[in-house]
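Written below as structure tokens is the structure these notes are about.
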Amino acid sequence: MILYKWRLTINSLRVKLAVSVLIMTLPLVGMLIYNNFYAIHVVRGQVADSYKDMLSLYMNQIDVSLNDVDSYMNTIAFGNDLLSIGQSVTDDEYYTAKIHMYKSLSKDIALYRSVNSFFVYEEERKEYMDIPNTVYFSPEEKSSIQNYIIELIQHQSIVKGSISKRWQYHKIGQQHYLVDIVQAGDAYLGAWISTDQLLAPLRSLKMGREGEILFANDQGEPITNTTIVQDHGIELQQNLADYYLSGEDKKFLVVGEHSNRGNFNLITLIPDNNILANLPYLQRIIWIITIGSMFFIPIGLYLMRRSFLTPINRMLLAMKKVRGGNWSAQVDMQKSSDEFMMLGDSFNAMMTEIQTLRINVFEEQLNKQREELQRLQSQVNPHFFLNALNIVFNLAKVKNFALIMEMTEALIHYFRFLFRSTTSFVELRDELEHTRNYLNIQTLRFPGQLNWVIDAPDYLMDTPVPPLIVQSFVENSIKHAITMDDEPIDIAVRIKFFDEESGSRMKIEIKDTGCGFSVRVLEELQAGRSIQNDQGEHTGIWNVQRRLSLLYDETISVQYFNDKETGGAVVEMILPTNPKMEEMT
């Protein structure tokens, strides 16, 4: 018993699919997990090395620029220009030397684009001279910088001598600056640089989304205007020899480079989640996964094909046979899973039952359609019949025997055609002749109120059409267009032939000069909905539409609209000239 249950479990489609999927996916998952951790470590190192080289290049350019400024300031300080300012005895000598210094610095500052301003301070006279570069700074900012530098010099808080790191970081107000000052006697020559201005050319570098490049001092504090360090809790270490990850809510790769000319560092912060984006190593991983999968996927595919795809293919082939009209198709699900065997048995039983019931149901539907078609064709308008008898009666009273004979003959032909309800199609010749009889009757009924014309080519006269399709629309025009108070109306029936890719067609157009379709009726007709009269009965238009839907497929077209010139109603029908394939038997 236990062995039997075990065999049932093993033969279950769910177990087979689960085993097949596990065989294909478990090795791939293991490889992906290993490659994921290994690749992240390798790529982090490669990205860090790449940014480290880039920062070294830019920091070297900054140091070279600062060193050029140092050399220039040393030349001025240890020459005669700055000494002559500090050693001037008279005011004339002092101002002459000061003007000479101003001209020299104004001319040379353009060569040092990183410098925002040179300045000269004479300690004895307490005079400060500013030589700005082209970058604009507000008067308030210049004043705060001047006061800070004067206080710095007076407190002897400047770096003296020829040490390499002469550029010192200072925070003045809410802004950050690098300042370098040299002394010659009582005179001081210096330069200051805004760290934001110095960093501006580097902000165009791509650091990833939410990445940042900034300056920091030796204490690990940002010295540029940025909030990324505080927002994410990033720690800026003093030792930047190697990269590291930092951040509380979001991790950033921190890579930095020390400056050789000042007490500051250039640091870049790269979001860790952006490091793996668009890197070439992904291609190598894909190849490794593909090669590894080649050993396991065929096994899984074979098991899936044998237990799942093959039975489904058998079922699909049987369904295609049924769709093609073979209602005796059966499916063989032997030697397959239990679920498919049950499905195959159910399908075979269902097809047997359908084959048994199909003929009876189809014959019943055909009989219903024949009965409905015959009923529609045999409908007689009682009002028209009574009106016709009334006309004959009135003509008999006045003893107009010629008109009585003409009227009686037209009625005989009219009702003889009307009661031909055993056929689904008649020749166009007979339909038009019936329509002429009807129009003759209406002409006698409404003398002087009706003009009509029927135009059709002779070569279309043998074309089969459903009976009463032309006369029903003509009757509808007379019923709604003729009033004794209005002018006579014109009714025109025109039939034309034309070819289409799907076959030859003829267009039947019935047009009158009455008041046309109302907006509501036209919307209902164009939408294909049924129209009822005031007594809730279907109109002749619905009769024609229903019979056409029973006799034809989608190859017909019936359009309703009002003529733009006369405002009268227009009906256009496009029918095939050879409807034998659609004719009911």
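The values are calculated or read from the model by the stated rules, or taken from the named source; none is laboratory data. Keep in mind the model is a prediction, meaning the values are calculated, not measured. Note that each Cβ is placed from the backbone with ideal geometry, even for glycine, and that neighbours are counted across all protein chains shown. Areas reflect the complete protein model, heavy atoms only, side chains present, ligands, DNA and RNA absent. Shrake-Rupley method; radii C 1.70, N 1.55, O 1.52, S 1.80 Å.
Using θ = phi - 60° and the Karplus curve 6.51 cos²θ - 1.76 cosθ + 1.60, what whole-Hz ³J(HN,Hα) does each residue of the stretch 317-326 get, with Gly and Pro shown as x?
With the stated coefficients, the stretch 317-326 comes to 4, 5, 5, 4, 5, 5, 4, x, x, 8 Hz.
Roughly how many percent of the accessible protein surface of the stretch 183-259 is carbon and sulfur, given a 1.4 Å probe and a whole-percent answer?
42
Multiply the residue gap between PHE498 and ALA527 by 0.36 nm, knock off their C-alpha separation, and tell me the result in nm, one decimal place.
7.8 nm
Select from ALA216, LEU236, LEU198 the residue farthest towards the positive end of the dipole of the stretch 191-241; place +1 on Cβ of Lys and Arg, -1 on Cβ of Asp and Glu, and compute about the Cα centre.
LEU198
Between ILE150 and LEU205, what's the calculated FRET efficiency when r is the beta-carbon distance and R0 is 45 Å? Round to 0.05.
0.75
Treating the beta-carbon of each Lys and Arg as +1 and of each Asp and Glu as -1, no other charges, what is the dipole magnitude of the stretch 462-532 about its Cα centre, to the nearest 20 debye?
That gives a dipole near 180 debye.
If I take R0 = 22 Å and measure r between the Cβ atoms of VAL19 and ILE289 in this structure, what FRET efficiency does the formula 1/(1 + (r/R0)^6) give, to the nearest 0.05?
On the way: r = 22 Å, r/R0 = 0.98.
Step by step, r from the Cβ atoms, then E = 0.55.
Please report the carbon-and-sulfur percent of the accessible area for the stretch 73-164; probe 1.4 Å, protein heavy atoms only, DNA, RNA and ligands left out.
Result for the stretch 73-164: 52 percent of the exposed heavy-atom area is carbon or sulfur.
In nm, to one decimal, how far is the modelled label at THR555 from the one at ARG429, with both set 7 Å along Cα→Cβ?
2.3
Just to be sure I understand the model, the point goes 7 Å from the Cα along the line to the Cβ. What's the resulting LYS507 to SER346 distance in nm?
Label at LYS507, label at SER346, 5.4 nm between them.
Give me the percent of accessible area attributable to carbon and sulfur for the stretch 306-347, probe 1.4 angstrom.
58
With a 1.4 Å probe and every protein chain left in place, work out the accessible area per residue of the stretch 54-205 in Å², rounded to a whole number.
Per-residue accessible area for the stretch 54-205 comes out at 50 Å².
Can you give me the accessible area per residue for the stretch 470-531, using a 1.4 Å probe, in Å²? If you can, show how the numbers build up before the last one.
On the way: 3390 Å² over 62 residues.
Accessible surface, normalised per residue, equals 55 Å².
Simple spin-label model, 7 Å along Cα-to-Cβ: ILE228 to LYS564 in nm?
6.7
Given R₀ = 25 Å, what would the calculated FRET efficiency be for MET461 paired with SER518, taking r from the Cβ atoms and rounding to 0.05?
0.10
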